[in-house]
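*Asks:* My questions all concern the structure below.
The values are calculated or read from the model by the stated rules, or taken from the named source; none is laboratory data. Fair warning: this is a prediction, and the values are worked out from it, not measured in the lab. Because the Cβ atoms are built from the backbone with ideal geometry, glycine has one as well, and the counts that use them run over all protein chains shown. Calculation scope for accessible area: heavy atoms of the full protein, side chains included, ligands and nucleic acids excluded. Shrake-Rupley method; radii C 1.70, N 1.55, O 1.52, S 1.80 Å.
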Amino acid sequence: HDQVEAMTLADRIVVLRDGRVEQVGAPMELYDRPANTFVAQFIGSPAMNLAPARSGPDGLTVPGCAPVPLAASGEGLRLGVRPEALRLAEPGEPVFHEGPATLVEKLGETQLVYFEPAGAETPLIAKLPGALPARRGEVFRLAVDPADLRLFGADGKAMEATPLPQPA
């Protein structure tokens, strides 16, 4: 089935896996608030970045990335972020990931920039403006709004994370 056509034309979408309903909702609801990791990776191209996360005193951390100010408990947590939610960090802004690009796919108006964070299971993909002069090996400082992060439990189901208080 054509995902682009479904996202464009449908009022509601049913995501099935092995004949079982995973989520039903409006296209952007599925995209913005996936019910589980299957939907998170099924809807969107490229798929949502997912990485194992651990809760600590500074927030949630994923391999090769700085802590984000969110609190959650449990084992087997996974943090998700859409590639377009990652952006270049402004001076003085907290950096989510800093590292060299391992691959740059120029797509015209946008480009996909891949990173290999230390200890990560899969590459981190950022969808950045096409006009940005990006090259493999160039070091990027990426930021993300914590509101754009999604958290999933060990069972793969979406769960809520609590924002940590920000220092005054």
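*Asks:* Looking at 20, 54, which is the one that is among the basic types (Lys, Arg), without any contact (Cβ under 8 Å) to a residue 12 or more places away in the chain and more than 27 Å from residue 109 (Cβ to Cβ)? Give the steps one after another, and end with the answer.
*Replies:* Numbers: 54 fails: without any contact (Cβ under 8 Å) to a residue 12 or more places away in the chain.
Within the list 20, 54, the selection yields 20.
*Asks:* For residues that are open to solvent by less than 60 Å² (accessible area, probe 1.4 Å) and in a helix (DSSP H, G or I), tally how many sit in segment 132-167. Let's see the steps before the verdict.
*Replies:* The first filter runs over segment 132-167 and keeps only residues open to solvent by less than 60 Å² (accessible area, probe 1.4 Å), leaving 132, 134, 137-138, 140, 142-144, 146, 149-153, 156, 158, 161, 164.
Remaining after also requiring in a helix (DSSP H, G or I): 146.
Of the residues in segment 132-167, 1 are open to solvent by less than 60 Å² (accessible area, probe 1.4 Å) and in a helix (DSSP H, G or I).
*Asks:* Right, next: So, residue 85, is that one of a type in the set (A, V, I, L, M), in contact (Cβ under 8 Å) with a residue 40 or more places away in the chain and more than 19 Å from residue 148 (Cβ to Cβ) or not?
*Replies:* Working: of a type in the set (A, V, I, L, M): yes; in contact (Cβ under 8 Å) with a residue 40 or more places away in the chain: yes; more than 19 Å from residue 148 (Cβ to Cβ): no.
No, not satisfied.
*Asks:* Also, quick follow-up: Name the residues in segment 124-158 that are free of Cβ contacts under 8 Å to residues at least 40 places away in the same chain and under 19 Å from residue 87 (Cβ atoms), would you?
*Replies:* 129, 130, 131, 133, 134, 135, 138, 147
*Asks:* Under 7 Å between Cβ atoms, at least 6 apart or on separate chains: pull out the pairs that start in segment 91-107 with a residue that is farther than 12 Å from residue 143 by Cα and end on any residue that is of a type in the set (Asp, Glu) and surrounded by 14 or more Cβ atoms within 10 Å (Cβ to Cβ).
*Replies:* As it stands, the answer is 102/116, since those pairs meet every condition given.
*Asks:* Going by the structure shown, is residue 121 among the charged types (D, E, K, R), at pLDDT below 95 and not in a strand (DSSP E or B)? Walk me through how you get there before you give the answer.
*Replies:* Details: among the charged types (D, E, K, R): yes; at pLDDT below 95: yes; not in a strand (DSSP E or B): yes.
Spelling it out, residue 121 is indeed among the charged types (D, E, K, R), at pLDDT below 95 and not in a strand (DSSP E or B).
*Asks:* If a residue counts only when it is out of contact with any strand residue (DSSP E or B) (no Cβ under 7 Å at 6 or more places or on another chain), exposed (fewer than 15 other Cβ atoms within 10 Å of the Cβ) and on the phi < 0 side of the Ramachandran plot, which helices (runs of 4 or more DSSP H) contained entirely in segment 1-101 have at least 1 such residues? Step through it out loud before you land on a result.
*Replies:* On the way: elements: 3-9, 27-32, 37-42.
Answer list for segment 1-101: 3-9, 27-32.
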